[in-house]
């Protein structure tokens with residue numbers, strides 16, 4: 001296994017486990033979107049690593065685009081205020097849109113994004129999330145069609161996930177030590 005970064009408490013998913021999850025999700029998406037006009041939309045910046053791997057695991061013609069939606073800033077918890085920092089470059093009207101997300105916790109930001117994209121009249125609109133946090137006593141505001149895996153309600157980083165723009169390049173997903181973000 002890769003060397004553990006000193007700010008990481010423990011590794012949840014190593015790169016081999018991540019690769020197997022992505023391959024499974026790619027096969028599911030390939031099966032479900034046969035003959036469709038698929039557009040993958042990555043939510044920047046966290047989903048960019050997952051998107052790069054996922055699109056190569058989908059054996060279909062597809063288009064990609066990116067959005068940046070901010071609700072965190074450099075804090076550990078969502079600010080609750082959502083703003084579109086970068087909008088789509090393409091028209092999605094009549095196309096089958098799959099939002100590619102790194103992690104789903106409350107789903108409030110993603111719910112806002114889905115309402116925004118639905119107003120643009122895609123043929124379909126679904127979500128593929130790599131991680132779905134198991135938040136005790138709370139139901140996410142969005143029900144994703146594709147889920148890579150569940151993870152504990154901990155502060156996770158690596159494989160595109162960050163804290164204050166750090167740790168995105170770790171080849172695994174790990175739990176950040178609380179003293180780093182508190």
Exercise for the section: Consider residue 20 carefully, then state whether it is under 17 Å from the mean Cα position of the chain (by Cα) and crowded, with 17+ Cβ neighbours inside 10 Å. Expected result: no
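May I ask you to list the residues in segment 53-76 that are surrounded by 12 or more Cβ atoms within 10 Å (Cβ to Cβ) and either in a strand (DSSP E or B) or modelled with pLDDT under 75 (or both)? Give the steps one after another, and end with the answer.
Restricting attention to segment 53-76, the residues satisfying the condition of being surrounded by 12 or more Cβ atoms within 10 Å (Cβ to Cβ) are 53-55, 57-60, 62-72, 76.
Result: 63, 64, 65, 66, 67, 68, 69, 70, 71, 72, 76.
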Practice task
Within segment 93-151, work out how many residues are in contact with a strand residue (DSSP E or B) (Cβ under 6 Å, 6 or more places away or on another chain) and within 22 Å of residue 60 (Cα to Cα).
Solution key: 22
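Between 99, 81, which is free of Cβ contacts under 8 Å to residues at least 60 places away in the same chain and over 21 Å from residue 124 (Cα atoms)? Before you say what the answer is, go through the steps one by one.
Numbers: 99 fails: over 21 Å from residue 124 (Cα atoms).
Answer to the selection: 81.
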Exercise for the section: Starting from segment 6-28, take each residue that is farther than 19 Å from residue 156 by Cα and list its partners that are part of a loop (DSSP other than H, G, I, E, B), counting only C-beta distances under 9 angstrom and pairs at least six apart or across chains. Expected result: 25/58; 26/58; 26/59; 27/58; 27/59; 28/145
Handout entry: Any chance residue 91 is touching a helix residue (DSSP H, G or I) at 6+ places or on another chain (Cβ under 6 Å) and free of Cβ contacts under 8 Å to residues at least 40 places away in the same chain
Key = no
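The values are calculated or read from the model by the stated rules, or taken from the named source; none is laboratory data. Computed from a predicted model, the values in this text were never measured in an experiment. Cβ sites come from the backbone with ideal geometry, for glycine too, and all protein chains shown count toward neighbours.
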